[in-house]
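Here's the structure we're looking at; comments come further down.
Where a number appears in this text, it was derived from the coordinates with a stated rule and is not lab data. Owing to the predicted nature of the structure, the values given are computational and were not obtained by experimental measurement. Cβ placement follows ideal geometry from the backbone for every residue including glycine, while neighbour counts extend to all protein chains displayed.
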Amino acid sequence: MSGESARECLAACRDCADACDRCAAACLREDDVKAMARCIALDIDCAAACTLTAGALARDSELIAAMATMCAEVCEACAAECERHDHDHCRACAEACRRCADACRKMTIGG
């Protein structure tokens, strides 16, 4: 892995995966868990996408651009869902997802 964009993306992916894991766990403790089902599912998907992309970055995989593109899309979907909920953990997750999506997009355009 080389370049500032790659280092920023790796850090953003790791931070986002952590935020998604925290959000999913907190959603499971909400009074109306059923209302949080989509949020939980997207948190899990996003954490997995971020972890996969972070690994690709650490390995300097030839598929980084494809994985970063996928990760940005998943992060955007997760952020949009989290923004629908008025919980601190959802707001924090949405912010981490937006940062990660931006960092991943930079990896796809050679940033």
Of E81, E95, E62, the one that fluctuates the most in a GNM where the chain has Cα springs shorter than 10 Å: E62
Residues D102, D60 in order from fewest to most other beta-carbon atoms within 10 Å are D60, D102
For segment 4-108, with only Lys/Arg (+1) and Asp/Glu (-1) charged at the beta-carbon, what is the dipole magnitude about the Cα centre, in debye rounded to 20? 160
For the chain, what relative contact order do you get, as a whole percent, if you take Cα pairs closer than 8 Å and at least 6 residues apart? 35
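Can you list which of the trypsin sites (Lys or Arg not before Pro) found in segment 1-66 are DSSP loop residues with at most 16 other C-beta atoms within 10 Å?
Those satisfying the criteria are R29.
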Given the options A11, A24, C97, identify the residue whose Cα lies farthest towards the positive end of the charge dipole of the chain (+1 on Cβ of Lys, Arg; -1 on Cβ of Asp, Glu). A11
From the phi of every residue in segment 9-26, what ³J(HN,Hα) in whole Hz does the Karplus formula 6.51 cos²θ - 1.76 cosθ + 1.60 yield, where θ is phi - 60° and glycine or proline is x? 5, 4, 5, 5, 5, 5, 4, 5, 4, 5, 4, 5, 4, 5, 5, 4, 5, 5
